[in-house]
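**Q** Pasting a structure below so you can have a look.
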């Protein structure tokens, strides 16, 4: 009994320690001018992968990074932010002369705390200039932020590049797809992998559930994940369908997250923050999707039974492993289902699904390097054709 | 009678009744005298002219004439002003050319600064117009000069058009030369670029080689993590070696002897380890087969030399738990697993070992999927390449034909422009004669004029 109590306590402690996604630093936004006179907006990690580039690592040594989840504004601590996409949108609007001193001051108050972004805002106020390109340098982060970033880039019709020496990994690769034209230098790194809600751990409530009744917990979570992954698949597939086409040639498919959530079987809601902004999310708790059939949730599923045995044998280490595997299995199920109806899903549905499969065939703890051949044939980059001389 | 008529007739009546005592020569010309010299018209008027003060303030010599292109034109030819004092004479310097070539007579009249038109003769049965007159000598010369100037302008415009046509054709030819479309052979011989990759990438392997390649890739990562840890331990001072060991060993998958050790420790427990033993056997077999190949370290089939197989966050945390330290110490010091006496929660050991083995197995499965994806993309590229090449070729041919048609149009336009210029250079305007004004001293009051409307 004492061992059991200690185990529960230990498990809860572990899961409490990792109950949130580890604090990510928010992106930095800096401007650059190339030797050819192009004006670039660089969206990069603070530290993390920016440490490989000397000018950035030197800057980050001297200027502290912002907490990605909680932000220090000039007016005091601010709530969970909507994402770096809001800052990107603001800076691009300002560069396109759709901003003024008042809105810039309001933005500085809101985004205050990041010296690089404030400097960029001030520079744009002093001498307005339109950005020719956005460069990306990031190890990734929040999937929702990546999707928001992509949509913002596409709305502004920006050219996006991952230049030599830069890396674009994980959620950055989703953001990258928003470029109207997209380039990756041969000496840059572009790596994709799955998204996961459990990379950093799981909540204390879920850990307790697993401890007490792993079989019921697995069934419940699997049903919820089936809808979560289907929602994510619909969002990403439509994003890729829209961004695989040059913006001049096609009418984009609507990207309505509330509709996607409904189609996936969830219920769409919005969280509002005190500064007036809001973020949507798809609530899947307690819901069941009838089709496609989730064999894992069947009453005597052998795989689930083996997982239960593993949990009883190996404890909390097994929860995370199993959940991340079930996540990917649910995504695979969603993609198989979307593939069945691919003909009705509109132009570029097939290549969009191929990109999703490439992402989710690799665990979030690993990455899949994309070669130039893959980047071109899958449509990640918009390479030009050289006419014969 | 309209207002205009009144404005003319009333002063005329006044003028005719008042008489002009001093200069009888002006009596019939209502107190005015217009004299043409070679380049001027001189207006003299009677000091007792009722409009004398108005005239003295200044007047415009106006011309009215019909033209082919602009209809009836009203043109101010010159301004005249009396020198002041009691002067009753002013001069109008005639221009060399008119605005446009006249068709018909060029009628002149004097308009005062108050916009009144100066009568220069009495009305009679032949002419009701009392103000318009004509200087035929000047008119002939001015019309001729005007015709010449117009022709010159026309030639200049045609020359500019011809030059422009030359320039456009030259630009088009240069741009087609650059692409290579003007070198003969026609559009049908255009060669489209190839969409197929020229060399097969190293990571594109046939299906049957993929399982072993995946295992090789994963073993390379495990070996890499171990070597990296050893390097860091070697470089560190003694105080930090243990920390490095603990951190690195619990972050990435290590060689199978570690998992083997953990499972041996677990032998005392009642846990069912059969699945894990099978997994470990696979891992051990792969390690024995692939860990000794240095080439894989230098040129990994997937990823790069710095890659490792990362452990899940909770597995890592368990590995760093204080309770696990005796196991790590025992492992490091090569103590047999059976010699461990500490009571360690078997769930933790099993959890960590399970995490290691699952991570390795997952690496093998995922790597195979990646290799399969790369092969698929390669095959899609090969399959699509001929179709894309043909599509590109058709696009290029259509583009070339469009450019050829554009070139032909520019050649035709150039020829036409030069023909027009050549024809115009060979023709002279009908009224173009090199003439000069002769001095005349002629009185113009009697030369009435009207423009047919």
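The values are calculated or read from the model by the stated rules, or taken from the named source; none is laboratory data. Quantities reported herein were computed from a predicted structural model and do not represent experimental measurements. Here the Cβ positions follow ideal geometry from the backbone for every residue, glycine too, while neighbour counts run over all protein chains shown.
**Q** Checking the conditions here, which among A:306, A:317, A:302 is within 14 Å of chain B (Cβ to nearest Cβ) and buried (at least 23 other Cβ atoms within 10 Å of the Cβ)?
**A** A:317
**Q** For residues in region A:326-363 being facing chain B (nearest Cβ under 9 Å) and closer than 16 Å to residue A:232 by Cβ, which is surrounded by the fewest Cβ atoms within 10 Å (Cβ to Cβ)?
**A** A:357
Quick grid of which residues meet (1) more than 30 Å from residue B:344 (Cα to Cα); (2) in contact (Cβ under 8 Å) with a residue 12 or more places away in the chain; (3) under 25 Å from the mean Cα position of the chain (by Cα):
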site	(1), (2), (3)
A:257	yes, yes, yes
A:261	yes, yes, yes
A:268	yes, yes, yes
A:284	yes, yes, yes
A:320	no, yes, yes
A:337	yes, yes, yes
A:344	yes, no, no
A:348	yes, yes, yes
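**Q** Condition test on residue B:308, is it in contact with a strand residue (DSSP E or B) (Cβ under 6 Å, 6 or more places away or on another chain) and within 27 Å of residue B:370 (Cβ to Cβ)?
**A** Taking the combined requirement at face value, the residue satisfies it.
**Q** Now a separate question. Tell me yes or no: at least one residue of region B:218-227 is more than 14 Å from chain A (Cβ to nearest Cβ), in a helix (DSSP H, G or I) and closer than 21 Å to residue B:373 by Cβ.
**A** Scanning region B:218-227, I find at least one residue that is more than 14 Å from chain A (Cβ to nearest Cβ), in a helix (DSSP H, G or I) and closer than 21 Å to residue B:373 by Cβ, so the answer is yes.
**Q** Considering only residues that are more than 7 Å from chain A (Cβ to nearest Cβ) and under 15 Å from residue A:322 (Cα atoms), which ones fall in region B:345-358?
**A** B:353, B:356, B:357
**Q** May I pose another question? So which of A:367, A:371, A:377 is closer than 18 Å to residue B:203 by Cβ, touching a residue at least 24 places away in the same chain (Cβ under 8 Å) and within 8 Å of chain B (Cβ to nearest Cβ)?
**A** A:367
**Q** Tally the residues that are within 14 Å of another protein chain (Cβ to nearest Cβ) and within 15 Å of residue B:331 (Cα to Cα), restricting the search to region B:233-252.
**A** Matching residues across region B:233-252 total 1.
**Q** Identify, by number, the condition in (1) touching a residue at least 40 places away in the same chain (Cβ under 8 Å); (2) within 13 Å of chain B (Cβ to nearest Cβ) that residue A:292 doesn't meet.
**A** Of everything listed in (1) touching a residue at least 40 places away in the same chain (Cβ under 8 Å); (2) within 13 Å of chain B (Cβ to nearest Cβ), residue A:292 misses just condition (2).
**Q** Given A:211, A:241, which one is in contact with a helix residue (DSSP H, G or I) (Cβ under 6 Å, 6 or more places away or on another chain), over 30 Å from residue A:298 (Cβ atoms) and assigned to a helix (DSSP H, G or I)?
**A** Answer to the check: A:241.
**Q** For region A:275-296, state whether one or more residues are touching a helix residue (DSSP H, G or I) at 6+ places or on another chain (Cβ under 7 Å), at pLDDT 90 or above and in a helix (DSSP H, G or I).
**A** Yes, that holds for at least one residue.
**Q** Let me ask something else about it. Looking at (1) at pLDDT below 90; (2) part of a loop (DSSP other than H, G, I, E, B); (3) within 30 Å of residue A:317 (Cα to Cα), find the lone condition where residue B:338 falls short.
**A** Against the list (1) at pLDDT below 90; (2) part of a loop (DSSP other than H, G, I, E, B); (3) within 30 Å of residue A:317 (Cα to Cα), residue B:338 comes up short only on (2).
**Q** Go through the residues of region B:337-344 one by one and say whether even a single one is within 14 Å of chain A (Cβ to nearest Cβ) and either under 16 Å from residue B:276 (Cβ atoms) or surrounded by 14 or more Cβ atoms within 10 Å (Cβ to Cβ) (or both).
**A** yes
**Q** Hey, another quick one. Go through (1) over 60 Å from the mean Cα position of the chain (by Cα); (2) within 14 Å of another protein chain (Cβ to nearest Cβ); (3) more than 17 Å from residue B:360 (Cβ to Cβ) one by one and return the number of the condition residue B:304 breaks.
**A** (1)
**Q** While we're looking at this one, here's another question. So which residues in region A:178-192 are part of a loop (DSSP other than H, G, I, E, B) and either over 14 Å from the mean Cα position of the chain (by Cα) or facing chain B (nearest Cβ under 9 Å) (or both), if there are any at all?
**A** A:179, A:180, A:185, A:186, A:187, A:188
**Q** Any idea which residue in region B:402-416 is farthest from residue A:351 (Cα to Cα), counting only those that are more than 14 Å from every other protein chain (Cβ to nearest Cβ) and surrounded by 15 or more Cβ atoms within 10 Å (Cβ to Cβ)?
**A** Checking each candidate, the answer is B:414.
**Q** Hey, another quick one. Which one of these does residue B:334 not meet: (1) at the interface with chain A (Cβ under 7 Å from one of its Cβ atoms); (2) at positive phi?
**A** The number of the failed condition is (1).
**Q** Mind listing just one residue for me: the one in region B:289-301 that is more than 20 Å from residue A:362 (Cβ to Cβ) and in contact (Cβ under 8 Å) with a residue 12 or more places away in the chain and, of those, nearest to the other protein chains (Cβ to nearest Cβ)?
**A** Per the stated criteria, the residue is B:299.
**Q** Looking at the structure I just gave you, is residue B:149 out of contact with any helix residue (DSSP H, G or I) (no Cβ under 6 Å at 6 or more places or on another chain), over 26 Å from residue B:303 (Cα atoms) and away from chain A (no Cβ under 14 Å)?
**A** So residue B:149 passes the test.
**Q** Oh, and also: Tally up the residues in region B:23-73 that are under 60 Å from the mean Cα position of the chain (by Cα) and touching a residue at least 12 places away in the same chain (Cβ under 8 Å), please.
**A** 20
**Q** Out of B:259, B:269, I need the residue that is touching a helix residue (DSSP H, G or I) at 6+ places or on another chain (Cβ under 7 Å), within 14 Å of chain A (Cβ to nearest Cβ) and at pLDDT below 90. Which one?
**A** Checking each option against the conditions leaves just B:269.
**Q** Looking only at region B:302-316, count how many residues are closer than 19 Å to residue A:203 by Cβ and either crowded, with 24+ Cβ neighbours inside 10 Å or without any contact (Cβ under 8 Å) to a residue 24 or more places away in the chain (or both).
**A** Qualifying residue count for the region: 4.
**Q** So which of A:138, A:57, A:95 is within 28 Å of residue A:270 (Cα to Cα), touching a helix residue (DSSP H, G or I) at 6+ places or on another chain (Cβ under 9 Å) and at pLDDT 85 or above?
**A** Result of the check over A:138, A:57, A:95: A:138.
**Q** Do we have any residue at all in region B:191-203 that's within 12 Å of chain A (Cβ to nearest Cβ), at pLDDT 90 or above and touching a strand residue (DSSP E or B) at 6+ places or on another chain (Cβ under 9 Å)?
**A** Within region B:191-203, none of the residues are within 12 Å of chain A (Cβ to nearest Cβ), at pLDDT 90 or above and touching a strand residue (DSSP E or B) at 6+ places or on another chain (Cβ under 9 Å).
**Q** Something else now. With (1) surrounded by fewer than 21 Cβ atoms within 10 Å (Cβ to Cβ); (2) within 55 Å of the chain's Cα centre (by Cα) as the list, and residue B:137 as the residue in question, which single condition is left unmet?
**A** In the conditions (1) surrounded by fewer than 21 Cβ atoms within 10 Å (Cβ to Cβ); (2) within 55 Å of the chain's Cα centre (by Cα), residue B:137 misses (2) alone.
**Q** Step by step: first the residues of region B:360-386, then only those that are within 7 Å of chain A (Cβ to nearest Cβ) and more than 48 Å from the chain's Cα centre (by Cα), then the one that is farthest from residue B:309 (Cα to Cα). Which residue is that?
**A** That would be B:362.
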